[in-house]
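> Would you mind keeping the following structure in view while I ask a few things?
The values are calculated or read from the model by the stated rules, or taken from the named source; none is laboratory data. Every value quoted in this text rests on a predicted model; they were computed, and no experiment measured them. Here Cβ is always computed from backbone atoms with ideal geometry, including for glycine, and neighbour counts include all displayed protein chains. For accessibility, only protein heavy atoms count, side chains too; no ligands or nucleic acids. Shrake-Rupley method; radii C 1.70, N 1.55, O 1.52, S 1.80 Å.
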Amino acid sequence: LGRLLYAFKENVEEISRQKKDLEKLNQELDRFVHTVSHDIAGPLTTIVGYAAYLETQYAPKMDDRGRDCISGVRKGATRLNVLIKDMLELTKMSRIKSPYSRVSIKEIVETAIANCDFMIRQSNAQVKIQGTLPEIVCDRIKITAVFFNLISNALKFAKANEHPVVNISWNETPKEYEF
């Protein structure tokens, strides 16, 4: 019984040490994410500023393609700003027991498509959504990343010299949604 109590005490102490190490790592991760987000925000503000300057000063001299490119820069910067905020939110959420909430998969897919906008235009691709997408309970940030990765991989690995078509559909089973 004495050896068993000693082993139990050792295990409790080891778990306590591991918990402290994990808390320290989480604090370091938080500091890193805040530093990186701050470091990205500065150049992003500059990019938005230059895009706005080009838009106001040179818009009359630009053709539609030039105006479209400036608009794409501004939209991309806005999406990057959202990603920075999501990254900060994710560090907070990692300490929340359930980051799940009811989300519109339609909005998630639209965000993922917007994040792939440049790739879609470059490959002259079509992204088709079949039917009305459901609302589900999930981690919004992670499911957005999943759809972004699926769409961008479909575009990256499409056959050369073909215009890709990405079809997004879903099916509900008794236990889950399949996309």
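> Along the Cα→Cβ direction, 7 angstrom out, place labels at Arg17 and Asn153. What is the inter-label distance in nm?
About 4.0 nm separates the two model spin labels.
> Here's a follow-up. Would you kindly state the longest site-free stretch of the chain, with sites defined as GluC sites (Glu not before Pro) in a DSSP loop (not H, G, I, E, B) surrounded by at most 14 other Cβ atoms within 10 Å?
The segment 1-161 is the longest one with no such site.
> Convert each backbone phi in region 67-83 into a coupling constant with the Karplus relation 6.51 cos²θ - 1.76 cosθ + 1.60 (shift: θ = phi - 60°), then list the ³J(HN,Hα) values in order as whole Hz, x for Gly and Pro.
Once θ is set to phi - 60°, the couplings for region 67-83 become 5, 5, 5, 4, 4, x, 4, 5, 5, x, 5, 5, 5, 5, 4, 5, 4 Hz.
> Okay, next question. Any idea what the relative contact order of the chain is, in percent, if you count C-alpha pairs under 8 Å spaced at least 6 apart?
18
> Whole-Hz ³J(HN,Hα) for each residue in region 13-21, computed from phi via Karplus 6.51 cos²θ - 1.76 cosθ + 1.60 with θ = phi - 60°, x for glycine and proline: what do you get?
With the stated coefficients, region 13-21 comes to 5, 5, 5, 5, 5, 5, 5, 5, 4 Hz.
> Starting from region 112-162, pick out the trypsin sites (Lys or Arg not before Pro) whose DSSP state is loop and whose Cβ has at most 16 other Cβ atoms within 10 Å.
Hits after loop and neighbour filter: Lys159.
> Divide by every residue of the chain the summed helix terms, -39500 (n - 2.57) for each DSSP H run of at least 4, and state the resulting mean residue ellipticity at 222 nm, rounded to the nearest 500 deg cm²/dmol.
So the helix-based figure for the chain works out to -24000 deg cm²/dmol.
> Right, another one. With both bridge residues required to lie in region 86-178, what share of the DSSP beta bridges run antiparallel, to the nearest 5%?
In region 86-178, DSSP labels about 60 percent of beta bridges as antiparallel.
> For Ile168, what residues show an amide H to amide H distance below 5 Å, using hydrogens built from the backbone and excluding near sequence neighbours?
Correct list: Lys128, Ile129, Gln130.
> Order these peptides, 70-76, 48-54, by their mean beta-carbon neighbour count within 10 angstrom, highest first.
Result, highest mean Cβ count within 10 Å first: 70-76, 48-54.
> Strictly over 23 Å apart at the Cα level, which of Lys19/Lys142; Lys61/Lys156; Lys92/Lys128; Lys128/Lys156; Lys9/Lys92; Lys19/Lys92 would you flag in this model?
Check vs 23 Å cut-off fails for Lys19/Lys142; Lys61/Lys156; Lys92/Lys128; Lys9/Lys92.
> Using protein chains only and a probe of 1.4 angstrom, how many square angstrom of Ser169 are accessible, to the nearest 10?
Rounded to the nearest 10, that gives 60 Å².
> Report for the chain the percent antiparallel among DSSP-assigned beta bridges with both residues inside it, nearest 5.
60
> Under a straight-distance cross-link criterion of Cα-Cα below 19 Å, which aspartates and glutamates are reachable from Lys85, leaving out those fewer than 8 residues away in the same chain?
Candidates past the 8-residue exclusion: Glu28, Asp30, Asp39, Glu107, Glu110, Asp139.
> Let me ask something else. Rounding to the nearest 10 and keeping the result within 0 to 90°, find how far the Cα-based axis of helix 105-115 lies from the longest principal axis of the chain.
That works out to roughly 60 degrees.
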